[in-house]
1. Taking the criterion of being crowded, with 19+ Cβ neighbours inside 10 Å, under 20 Å from residue 195 (Cα atoms) and not assigned by TED's automatic domain parsing to the domain that holds residue 195, would at least one residue in region 260-283 satisfy it?
2. Take region 144-159 and flag every residue that is within 16 Å of the ligand (Cβ to nearest atom) and among the polar types (S, T, N, Q).
3. If you take the residues in region 193-228 that are more than 16 Å from the ligand (Cβ to nearest atom) and not aliphatic (A, V, I, L, M), which one is farthest from residue 32 (Cα to Cα)?
4. Residue check, residue 111 against (1) within 16 Å of the ligand (Cβ to nearest atom); (2) under 15 Å from residue 41 (Cα atoms); (3) not in a strand (DSSP E or B), all met but one. Which one?
5. Of all residues in region 69-85, which are under 19 Å from residue 137 (Cβ atoms) and within 16 Å of the ligand (Cβ to nearest atom)?
6. Looking only at region 274-311, which residues are more than 19 Å from residue 392 (Cα to Cα) and among the basic types (Lys, Arg)?
7. Does residue 132 meet the test of being within 16 Å of the ligand (Cβ to nearest atom), more than 24 Å from residue 327 (Cα to Cα) and either touching a residue at least 40 places away in the same chain (Cβ under 8 Å) or crowded, with 17+ Cβ neighbours inside 10 Å (or both)?
Amino acid sequence: MNERTLIKGKIHYVGVNDRQKHLFEGMWPLPYGVSYNSYLIDDDITALVDTVDAAYFETYLRKIRAIIGTRPIQYLIINHMEPDHSGSIRLIKQEYPDIVIVGNRQTFGMIEGFYGVTGERYEVKEGDFLDLGHHKLRFYLTPMVHWPETMMTFDETDGVLFAGDAFGCFGTLDGGFLDARINTDRYWEEMTRYYANIVGKYGNPVQKALAKLGGLPIRAICSTHGPVWTEEIARVVGVYDRLSRYEAAEGVVIAYGSMYGHTEQLAETIAAELSAQGIRDIVMHNVSKSHPSYILKDIFNYRGLIIGSPTYCNHIYPEVEALLEKILLREVKGRYLGLFGSFTWAGAAVKRMGEFAEKSKFELVGDPVEMKQAMTPLVQERAEQLARAMAARLKSDRRQ
Ligand code: FEO
């Protein structure tokens, strides 16, 4: 039994799968579910690293007991306090009243605030150490990846990094949890969608954490979500490095709203011309159909972004405006932006999207295109000009 949970040394996987929840954080769809990962170190001194959503406590406790039976756990290390991981702290404390909670200065206020749990604690600072016997743990503070209290725990014996949300992804662990024993194909796009939506605002803190951890001899990454990475560490770190730099590939996301198809016709015209100009990666999203989490994922993937909106009540189409807010919230950087829109009697959407262009600091490419009521040869020509300007701007990067 224990062989099925063992990662390295005396470290076991004791996480759970959530195939019930529809929306993570109440917002982000989970078509493949999500795992809440926790790790049990069954050493001379026993330690648990993070917990799981409280709804899964019974399953969680059963997994712990299958490994250590009725023996006590000495330490509960809390790398991150978001309730998908901290949710079982109170129940663990009830089950193991003498357990010593390990966290940093910021952690304990949250534990008391969320769960009313106090008691013996080990408050760690940057670089502090905990010797469990075989495993020797060192703590690194990594604030805002993705809350202020977040830290990471590194096992210096076997090179295992307990990374909190960092390097996480959506998707349950179906059968196996080690990347070496499962087909990981489905996790990569879900990693980008997870990053873009959950961690996306915190590019700088992620970069600082990567710099801090860069010299460590990491042989396994144990995130709080998704597979345990042992064979694809470089690829996982590469994904997080690229996304946190806001680096993106050549390609264009066209996100538009359309009530009766006229704005969509403009979007199709722009897309066709982009393709004619040699842009191969074009992703079109009707904002009324695509969930924003997928649009944001693609915006993190591609450098070009063209947004279209009809004028609605003298404003931007509400679904487009909601998307623009989400982009600004994440402080996405370095995108080339094109704008287009339509109106029936008075144009407002394109003008108002100009305010988004300023706030986002994106490089405005080409002239915004505005259509009154329906397509005309002149509007078509302007839309194609916008597409040609975007294609030229993207292709100019090829030469660098
Ligand atoms: Fe998976 Fe920030 O919690």
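1. Scanning region 260-283 turns up at least one residue that is crowded, with 19+ Cβ neighbours inside 10 Å, under 20 Å from residue 195 (Cα atoms) and not assigned by TED's automatic domain parsing to the domain that holds residue 195.
2. Restricting attention to region 144-159, the residues satisfying the condition of being within 16 Å of the ligand (Cβ to nearest atom) are 144-153.
Correct list: 150, 153.
3. Of all residues in region 193-228, those more than 16 Å from the ligand (Cβ to nearest atom) come to 204, 207-208, 210-220.
Filter once more, keeping what is not aliphatic (A, V, I, L, M): 204, 207-208, 212, 214-215, 217, 219.
Numbers: 204: 29, 207: 28, 208: 30, 212: 32, 214: 31, 215: 34, 217: 32, 219: 27 Å.
Among residues in region 193-228 that are more than 16 Å from the ligand (Cβ to nearest atom) and not aliphatic (A, V, I, L, M), the one farthest from residue 32 (Cα to Cα) is 215.
4. (2)
5. Of everything in region 69-85, those that are under 19 Å from residue 137 (Cβ atoms) and within 16 Å of the ligand (Cβ to nearest atom) turn out to be 77, 78, 79, 80, 81, 85.
6. 289, 297 - these are the residues of region 274-311 that are more than 19 Å from residue 392 (Cα to Cα) and among the basic types (Lys, Arg).
7. Numbers: within 16 Å of the ligand (Cβ to nearest atom): no; more than 24 Å from residue 327 (Cα to Cα): yes; either touching a residue at least 40 places away in the same chain (Cβ under 8 Å) or crowded, with 17+ Cβ neighbours inside 10 Å (or both): yes.
So residue 132 does not fit the description; no.
Listed here are the residues, each with its yes/no results for (1) more than 23 Å from residue 154 (Cβ to Cβ); (2) in contact (Cβ under 8 Å) with a residue 60 or more places away in the chain.
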| position | (1), (2) |
| --- | --- |
| 44 | no, yes |
| 54 | yes, no |
| 67 | no, yes |
| 76 | no, no |
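The values are calculated or read from the model by the stated rules, or taken from the named source; none is laboratory data. On a predicted model such as this, the values are computed, not experimentally measured, just so you know. Cβ atoms come from the backbone with ideal geometry, glycine included; neighbour counts cover every protein chain shown.
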